[in-house]
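Comments concern the structure below.
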Amino acid sequence: MRLWHKDLIPVLPKQQLLGQWRECCAIARNIAVKGTPNHILVNKIMDYPTGHFWKYGYLIFCEMERRGYKCNFSNFEKWINKPYALITPEYNNLFKGWHDERYLMQCFLNLQEKYDCKGITQTEYTKILLRVTAAGS
């Protein structure tokens, strides 16, 4: 499990974006049922108010809609504690201290490995590279 860096959402390859939606729904369900996502790469979610995760899921949902993919936000939202989710941070403060430049580089290297192993196309990788370069400026 991984929550891709928020700045990569617009350029995530299709499989990673669709997978991210499934992961958001699974994480939300795990938190609702078990009280924790119970995975080392996403346990940090619990360090932030619920609104951070709700907004992140909403960003994934909006990107999927922008690309014309069909999904239902209620699949995610039904597991979120709504009163607390309504207090959402500004984009620049979303997962502040976690979704920083270091984490962006970690996510980039993960995607770079997928490219090296022919898991994503040159076109997809170029979009990612441009986005990471712009974010680092």
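Where a number appears in this text, it was derived from the coordinates with a stated rule and is not lab data. Note that the structure is a prediction, hence the values are computed from the model and not measured. Every residue, glycine among them, receives a Cβ derived from its backbone with ideal geometry; neighbour counts consider all protein chains shown.
Miscellaneous remarks
- Residue in segment 127-135 that is over 17 Å from the mean Cα position of the chain (by Cα), closer than 21 Å to THR36 by Cβ and of a type outside the set (Gly, Ala, Ser) present: no
- Residues being under 15 Å from LYS78 (Cβ atoms) and either among the charged types (D, E, K, R) or surrounded by fewer than 20 Cβ atoms within 10 Å (Cβ to Cβ) (or both) - total across segment 26-60: 6
- Matching option when the condition is over 13 Å from the mean Cα position of the chain (by Cα) and of a type in the set (A, V, I, L, M), among ILE87, ILE45: ILE87
- MET1 being among the hydrophobic types (A, V, I, L, M, F, W, C), touching a residue at least 40 places away in the same chain (Cβ under 8 Å) and not in a helix (DSSP H, G or I): yes
- Matching residues in segment 88-137 - criterion: being on the phi > 0 side of the Ramachandran plot and not aromatic (Phe, Trp, Tyr): GLY97, LYS118
- When LYS96 is tested against (1) free of Cβ contacts under 8 Å to residues at least 24 places away in the same chain; (2) assigned to a helix (DSSP H, G or I); (3) within 18 Å of CYS107 (Cβ to Cβ), just one condition goes unmet, and that condition is (2).
- PHE73 vs. criteria touching a Phe, Trp or Tyr at 6+ places or on another chain (Cβ under 6 Å), under 21 Å from LYS14 (Cα atoms) and surrounded by fewer than 17 Cβ atoms within 10 Å (Cβ to Cβ): yes
- Lone unmet requirement of (1) surrounded by fewer than 20 Cβ atoms within 10 Å (Cβ to Cβ); (2) polar (S, T, N, Q); (3) in contact with a helix residue (DSSP H, G or I) (Cβ under 9 Å, 6 or more places away or on another chain); (4) assigned to a helix (DSSP H, G or I) for THR88: (4)
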